[in-house]
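Reviewing the structure listed below.
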Amino acid sequence: MNNKMYFENKKIWIAGHNGMVGRALVRNFVKHEKLEIITAPSSELDLRDKSKVEEFVRKNSPDIVIIAAARVGGIHANDTYPVDFIQDNISIAQNIMKSCHHNDVDKIINLGSSCIYPKFAEQPIEEDSLLSGKLETTNQWYAIAKITAVKLCQAYNKQFNRSYVSVLPSNLYGPYDNFNLETSHVMPALMRKAHEAKENSSPSLSVWGSGKPLREFLHVDDLAEAIEKILISFEGEVINVGSNDELSIMDLSNIIKDVVGFKGDIIFDSSKPDGTPRKKLDNSQLESLGWSPKIDLKTGIKNVYDWFLNTEDKRF
Ligand code: GDP
């Protein structure tokens, strides 16, 4: 089926439409004129409230639901708010899936992350590696909740023949990322630090850890396109979405420094954790659908830095 027909006269609920991923999904799906996009601000719909979610799904009766709402954060946030990371993420997944099943929603995309795989999973990481080893301790809280969500999707498929699919992307970045240095991921953190170091003519930029860990970065607009492809043509239950753009944190720091135009030194702060040494995804399933990303890393970083310079609406 072609893209246009698949989305014709359907309703898609993007849960978490105000976040970085949710906004990219809205930007992507508006191109389908006959697809109705449903959203609800968190001030009106607390996804941790079971009865509110049930009422919302019943009233709106979506055909497709994307769970892009989650409590997310970088290495420090995960380590600092473990209860919130477990409880909020399990509640969100459970409430949405239960209400969707009650209201006969057959298609859900449950978004997770590459960080739910075991810390020392064989690389590149195949979808089958899930639960094959110990988790990275710094993000085990988020991981355990999201693994539960993946299993819940599989359980609905097994018991009720649903088509609930879990999408596991590599490290994401894009406009509307979180730039708060305590809770952010590495990309926005380094962009902000490099920008402020340049503005203040500081001699150096501090990068956490050894700079040696490897990460695979994916622009959220590429993720949104991949999800569209997955909705139309993927028939399995769990799929990785990576860019194959893998590099060390040290190399990333240098690219960001270059894009921002900061001329000082990079200093590695070994008192901060490195986290997982590497988490390169195996993207074979995705590639077999005939999809590949369009935004290379340097172009993507320039795009986000332009956005950073030109928007007032930043999360600090
Ligand atoms: P992770 O991929 O789940 O480990 O999440 P992060 O994006 O938070 O961290 C990725 C890597 O970047 C880790 O090795 C961090 O130690 C490193 N890193 C370097 N500088 C920073 C920083 O300022 N903030 C964050 N969050 N990570 C940093």
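The values are calculated or read from the model by the stated rules, or taken from the named source; none is laboratory data. Everything numeric in this text was worked out from a predicted model, so none of it was measured. Please note: Cβ atoms are built from the backbone with ideal geometry, for glycine as well, and neighbour counts cover all protein chains shown. In case anyone asks, the SASA skips ligands and DNA or RNA and just uses the protein heavy atoms, side chains included. Shrake-Rupley method; radii C 1.70, N 1.55, O 1.52, S 1.80 Å.
Helical runs assigned H by DSSP (4 residues or longer) give the chain a calculated mean residue ellipticity at 222 nm of -13000 deg cm²/dmol, each run adding -39500 (n - 2.57) before division by the residue total.
Taking the square roots of five times each eigenvalue of the Cα gyration tensor of the stretch 177-316, the equivalent ellipsoid has semi-axes of 30, 18, 12 Å, listed largest first.
Remark: accessible surface ordering of 307, 208 (largest first) is 208, 307, probe radius 1.4 Å. Within the accessible surface of the stretch 13-55, defined with a 1.4 Å probe on protein heavy atoms only, the carbon and sulfur portion equals 46 percent.
Taking 18 Å as the limit for the C-alpha separation, the pairs 257/314; 11/158; 198/302; 193/294; 257/302; 11/151 exceed it in the case of 257/314; 11/158; 193/294; 11/151. Here the scattering of the stretch 1-76 is modelled by Debye summation over its C-alpha atoms, one equal scatterer each and no solvent; at q = 0.15, 0.20, 0.24, 0.28 Å⁻¹ the log10 of I(q)/I(0) is -0.55, -0.89, -1.15, -1.37. Shown for the stretch 58-121: the carbon plus sulfur share of the solvent-accessible area, taken with all protein chains present and a 1.4 angstrom probe, equals 46%.
Over every Cα atom in the chain, the radius of gyration and the widest Cα-Cα span, Dmax, amount to 19.2, 60 Å. Ligands, DNA and RNA left out, the accessible area of the stretch 171-316 computed with a 1.4 Å probe is 46% carbon and sulfur. With all protein chains kept in place, the per residue accessible area of the stretch 13-134 amounts to 48 square angstrom at a probe of 1.4 angstrom. Computed over the chain, relative contact order equals 19 percent, with contacts defined as Cα pairs under 8 Å that lie 6+ residues apart. Determine the distance separating the Cα centre of the stretch 1-71 from the Cα centre of the stretch 242-270; give it in Å without decimals. About 35 Å separates the Cα centre of the stretch 1-71 from the one of the stretch 242-270. In this structure the stretch 169-316 gives 44 Å² per residue of accessible area when probed at 1.4 Å with all protein chains present. Against the empirical curve 2.2 N^0.38 Å, the C-alpha radius of gyration of the stretch 213-284 lands at a ratio of 1.44. Loop-located GluC sites (Glu not before Pro) in the stretch 9-85 (DSSP state other than H, G, I, E, B) with a sparse environment of at most 16 neighbouring Cβ atoms within 10 Å: 33, 44.
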